[in-house]
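Data block below; observations after.
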Amino acid sequence: MSWIAIGLIIYFLCIIGVCLRIIYDTRSVEKALAYILVVLFVPILGVAIYFSFGISYRKEKLYSKKIVKDKAALAELQRRMTLETENAWNSKEPAIQKHKKLALYLLNDGMSPLSGGNKVKLLINGEGKFPEVLQALRDAKNHIHIQYYIFEDGDIGSQIKDILVAKVKEGLEVRFIYDDFGSSSIRQGFVDELISAGVQAYPFYKVHFILLANRVNYRNHRKIIVIDGCIGFTGGINVSERYINKPGQLFWRDTHVMIEGPGVNYLQYLFICDWNFCSGKNLVLEAAYFCKDNTISGDATVQIVASGPDSDLPTLMFSMVEAINLAEKELLITTPYFIPGRAVSDALQVAARSGVQVKLLVPYRSDSWLVNAAAQSYYAELLDSGAEVYRYQKGFVHAKTMISDGELAIIGTANMDHRSFELNFEVNAMIYQSAIAQELREVFYLDIKDAKKIDPGKWRKRSFYHQMPEKIARLFSGLI
């Protein structure tokens with residue numbers, strides 16, 4: 001037998017072994033099939049791609065959000081969270097009673113409490129968010145915790161830096177987490193200045209060789225600010241000049257939310273767990289870090305939901321499916337990346353075929369041809385079920401929101417795609433209040449005035465040359 005034949009036998013045995021590894025190690029069918037296709041049709045390089053980006057570190061216990069060494073403090077926090085939830089059950093808010101199954105699932109699976117008595121404010125685009133953030137930072141009295149996927153050293157970033165430095169001089173504790181991949185532009189210089197001034201700053205999961213690192217898959221996509229334990233911000237808006245919408249630049253449409261009250265407690269818990277992982281230190285769950293301000297008077301009930309590679313289940317995806325299933329009249333969804341996978345896609349189709357008005361707002365064009373093609377492959381089945389799809393044309397829509405029946409509003413960092421459901425650390429705010437949901441509903445209907453509705457008949461009649469690339473892209477959607 002020739003050396004070539006022996007080499008081929010060894011190669012094919014290796015390919016079989018890798019495919020078996022993919023099948024055994026990958027929970028998502030779509031993702032498993034996509035990696036198998038890459039391994040089979042891209043010799044050698046396909047195997048390298050899988051071992052660089054495909055191995056699940058969840059089973060390797062890469063990171064656990066349950067890194068809390070003080071068991072007594074954790075037990076006390078859990079007790080308080082359970083008590084908050086029990087109090088919230090008694091609320092007469094229709095949104096809570098209607099979505100009780102959803103809230104209970106999130107409490108059981110994600111230890112996410114229902115928290116009543118919050119003040120909630122929608123922040124539309126960077127123009128709405130940044131003035132509120134800057135003022136809240138200036139008013140801080142005890143501590144500031146900041147965590148971002150993308151943080152850039154522009155005008156806004158510089159203003160935040162100056163405030164953080166000033167607050168350290170006043171004696172406040174200031175902690176800053178930045179994603180080492182998304183915020184790569186500040187890894188030197190900007191961060192060094194913060195540290196020199198006394199700000200405690202650490203990267204999330206440091207990347208040394210970006211092109212080869214599996215770690216690119218497991219990014220911290222969360223945007224969290226917690227001030228004095230009682231004021232919190234989260235949503236889709238990073239710290240970047242692109243969100244300010246200056247004349248002459250591409251318009252970025254995005255949504256954030258400001259929460260005041262006990263609903264901030266779980267955002268704080270997430271930050272502390274991420275901090276302990278990044279810093280290698282043990283920031284204790286002290287009462288001083290959690291809101292006890294009885295002067296805050298609000299009527300919004302909030303539930304913070306998080307998931308990532310550390311989660312046993314895709315909690316965010318399951319919460320979206322349950323929210324879709326509970327809708328009776330209307331679902332309004334905005335997402336920049338729509339690659340929902342089978343479970344979410346089927347839930348939306350069932351809702352639409354059951355008489356629920358399902359409206360989806362997405363960018364006219366994504367910032368990636370492959371993502372755009374894969375997303376478009378899902379539109380036909382939604383349109384066939386009676387759902388409506390709108391493509392935003394005023395600029396780029398980056399908001400991640402869902403409104404159900406004008407009663408439940410979901411605002412967060414998670415896109416409706418595999419990467420957000422499985423690979424990144426994400427956080428969403430579930431707001432069970434009709435006033436906020438109605439306000440966000442009005443924003444949605446303003447947005448679709450700047451969008452083009454897809455005509456189902458014309459969409460079906462598109463040529464083979466339009467549809468075939470989309471179907472091929474969909475095969476690889478588990479990798480996007």
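Overview of values
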item: Residue within region 263-271 that is assigned to a loop (DSSP other than H, G, I, E, B) and modelled with pLDDT under 95 present; result: no
item: Output for region 191-200, where each listed residue is of a type outside the set (D, E, K, R) and either surrounded by fewer than 19 Cβ atoms within 10 Å (Cβ to Cβ) or not assigned by TED's automatic domain parsing to the domain that holds residue 147 (or both); result: 195, 196, 197, 198, 200
item: Failed condition for residue 14, given (1) at pLDDT 75 or above; (2) surrounded by fewer than 11 Cβ atoms within 10 Å (Cβ to Cβ); result: (2)
item: Qualifying residues in region 276-313 (those that are within 18 Å of the chain's Cα centre (by Cα) and over 23 Å from residue 83 (Cα atoms)) - the one surrounded by the most Cβ atoms within 10 Å (Cβ to Cβ); result: 308
item: Index of the failed condition, residue 445 passing every other in (1) under 25 Å from residue 325 (Cβ atoms); (2) buried (at least 16 other Cβ atoms within 10 Å of the Cβ); result: (2)
item: Every residue from region 249-288 that is free of Cβ contacts under 8 Å to residues at least 40 places away in the same chain and not hydrophobic (A, V, I, L, M, F, W, C); result: 249, 280, 281
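The values are calculated or read from the model by the stated rules, or taken from the named source; none is laboratory data. Treat the numbers as computed from the prediction; the structure is a model and nothing was measured. Cβ: placed from backbone, ideal geometry, glycine included. Neighbour counts: every protein chain shown.
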